[in-house]
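Okay, structure first, notes after.
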Amino acid sequence: MRLDTFLVAIGMLLMSFSSVFSEAAVMAWQQSGGMIGSERFVLQAHSIPGQSGAAGYTDKEARKLINTWKGKAAYSMQSRLSLKAGNRQIEVEAAGIGGKYTDFISILLDKGSMISQASIERRDQVVVVSDRLADDLFGSTDVIGKVISIQNKKLRIIGISRSENSLMEWMTNGVKPEALLPSSVLADINPESRAGTIMLQASGDALLNGDMEVNKALTENKLPLGVFKVDIGEKNWQLIQQLPRLLPALTGLLALVVGLLWLRQVAGRTYSRMKHALQTGDSSELMRRERLYLLKQVQAFIAIGACMAALMLLARYSFFIPSEFIPDRWIDLNFFKKKLFEHWQEKPLNYEQLLPYQLMEVRLNSFIPILTAVGLLLGLPLFLIGIREWRLRARPPKNRYIRLFYCIIICYLLIGLILLAVNLPQLTSPGLWISLFGFCLFTAAYQQPNRKDDYVER
């Protein structure tokens with residue numbers, strides 16, 4: 001493989017990987033949020049009161065809030081507990097859950113059933129354990145109905161959650177609880193435990209008045225306002241979701257520029273040829289002689305315009321900018337200075353109380369911008385350099401298309417295998433693939449003139 005083709009292939013691979021892998025990761029994160037998805041308010045405790053190191057509301061306070069909330073609601077109380085079965089004893093991360101927990105967090109059960117809301121209200125002595133924990137305690141996952149002990153309380157196992165060898169599992173390592181039990185039972189075992197995360201189903205206008213809606217509910221229940229930081233799920237979802245679309249949107253703009261240059265080139269050559277022909281003959285003879293040429297040029301003009309419009313439509317995306325990031329005046333240095341200081345002085349998240357869904361959001365906010373930057377700043381320039389080398393070497397169009405076809409096949413198969421290996425969704429948006437590969441074909445097909453007067457005769 002020559003250097004120019006290598007640059008094209010590597011550029012295409014980096015562009016495709018940065019966008020497709022990022023979108024697949026965002027899809028997996030969305031799917032982990034249960035049936036509620038991003039339509040939620042997340043109240044995350046950021047202070048650490050009491051000797052236990054726990055943060056947030058008591059079980060009674062959290063139950064009071066979710067019972068008066070107009071939509072679905074749930075909460076989690078994280079704690080580290082020592083579980084005993086026979087002669088084996090293991091200390092693991094456990095979570096006491098309340099409300100409609102499975103509507104907000106997707107839990108895959110291998111066997112048995114999940115803790116119901118009725119079980120939580122009845123304070124049933126039941127527990128759901130992971131397949132890893134079951135194997136460590138009993139040497140088997142066939143443990144439905146067996147009993148484990150937690151501080152002299154005997155809990156019956158009613159379900160086995162399945163662990164997956166996937167990127168999402170690796171990203172949430174350390175916060176995913178190995179045991180789930182009713183919040184009331186955890187409160188009895190550890191009275192100092194607190195609900196560090198509360199999830200509330202958001203209304204349709206959450207982006208406009210979400211904070212006011214939550215604060216109103218807290219005030220009506222006579223709960224302190226400064227204990228939790230309120231995150232609007234829809235806003236966080238839109239901010240992360242648009243990152244994989246930055247590169248396709250840029251390729252759409254580049255396709256527009258290349259298309260306009262190409263249309264200008266076709267129109268210029270046609271004008272130059274017709275002008276020259278009119279100087280050597282009459283118009284009736286000219287139209288009869290150049291009719292086939294004009295028909296081909298019109299067809300080329302329409303085809304280029306249609307391809308350009310299709311790529312623009314596929315790459316088009318309505319980007320979201322939160323209202324708090326828009327200054328009243330465009331040139332307002334104090335506004336941007338204030339936002340920067342707020343970001344630096346923001347209190348760190350209480351990782352002890354984070355749910356896997358929340359930790360996944362933190363991880364995505366860390367690595368998706370890096371992947372996007374790789375595609376924009378490395379993949380796209382390498383691809384354009386490779387295309388330029390093809391033109392300098394005067395490779396014929398047929399040769400370019402054949403090489404691009406093999407590059408597309410390799411990129412698609414390689415990225416598909418990577419997504420399969422890390423257990424991410426393979427069925428990403430077809431428009432994402434088409435816009436990226438369509439841009440590559442469109443750019444490779446463009447015949448850039450070597451001199452200024454290549455298509456305009458003077």
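To keep it simple, each residue is scored yes or no on (1) at pLDDT below 90; (2) touching an Asp or Glu at 6+ places or on another chain (Cβ under 9 Å); (3) surrounded by 19 or more Cβ atoms within 10 Å (Cβ to Cβ).
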{"site": "87", "(1), (2), (3)": "yes, no, no"}
{"site": "105", "(1), (2), (3)": "yes, no, yes"}
{"site": "108", "(1), (2), (3)": "yes, yes, no"}
{"site": "111", "(1), (2), (3)": "yes, yes, no"}
{"site": "114", "(1), (2), (3)": "no, no, no"}
{"site": "117", "(1), (2), (3)": "yes, no, no"}
{"site": "123", "(1), (2), (3)": "yes, yes, no"}
{"site": "126", "(1), (2), (3)": "no, no, yes"}
{"site": "129", "(1), (2), (3)": "no, yes, yes"}
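Residues to consider are 140, 163; find the one that is in contact with a Lys or Arg (Cβ under 6 Å, 6 or more places away or on another chain) and either assigned to a loop (DSSP other than H, G, I, E, B) or surrounded by fewer than 20 Cβ atoms within 10 Å (Cβ to Cβ) (or both).
163
So which pairs qualify, if the first residue must be in the stretch 132-155 and closer than 23 Å to residue 185 by Cα, the second must be of a type in the set (A, V, I, L, M) and assigned to a loop (DSSP other than H, G, I, E, B), the Cβ gap must be under 7 Å, and the two must be at least 6 apart or on different chains?
Hits for this filter: 134/143.
Tell me whether the stretch 53-64 contains one or more residues that are β-branched (Val, Ile, Thr), farther than 30 Å from residue 426 by Cβ and modelled with pLDDT of 85 or more.
So far as the stretch 53-64 goes, yes, one or more of its residues are β-branched (Val, Ile, Thr), farther than 30 Å from residue 426 by Cβ and modelled with pLDDT of 85 or more.
Of the numbered conditions (1) within 30 Å of residue 366 (Cβ to Cβ); (2) not charged (D, E, K, R); (3) not in a helix (DSSP H, G or I), residue 249 satisfies every one except a single condition; which is it?
Of the numbered conditions (1) within 30 Å of residue 366 (Cβ to Cβ); (2) not charged (D, E, K, R); (3) not in a helix (DSSP H, G or I), the odd one out for residue 249 is (3).
Restricting attention to the stretch 281-314, which residues are at pLDDT below 85 and either assigned to a helix (DSSP H, G or I) or at positive phi (or both)?
Selection gives 283, 284, 285, 286, 287, 288, 289, 291.
Of the residues that make up the stretch 271-279, is at least one loosely packed, with under 13 Cβ neighbours inside 10 Å, out of contact with any His (no Cβ under 9 Å at 6 or more places or on another chain), outside any helix (DSSP H, G or I) and not β-branched (Val, Ile, Thr)?
The answer is yes, given that some residue of the stretch 271-279 is loosely packed, with under 13 Cβ neighbours inside 10 Å, out of contact with any His (no Cβ under 9 Å at 6 or more places or on another chain), outside any helix (DSSP H, G or I) and not β-branched (Val, Ile, Thr).
The values are calculated or read from the model by the stated rules, or taken from the named source; none is laboratory data. Remember, predicted model here, so these are calculated numbers, not experimental data. Using ideal geometry, Cβ is built from the backbone for each residue, glycine included, and neighbour counts are taken over all protein chains shown.
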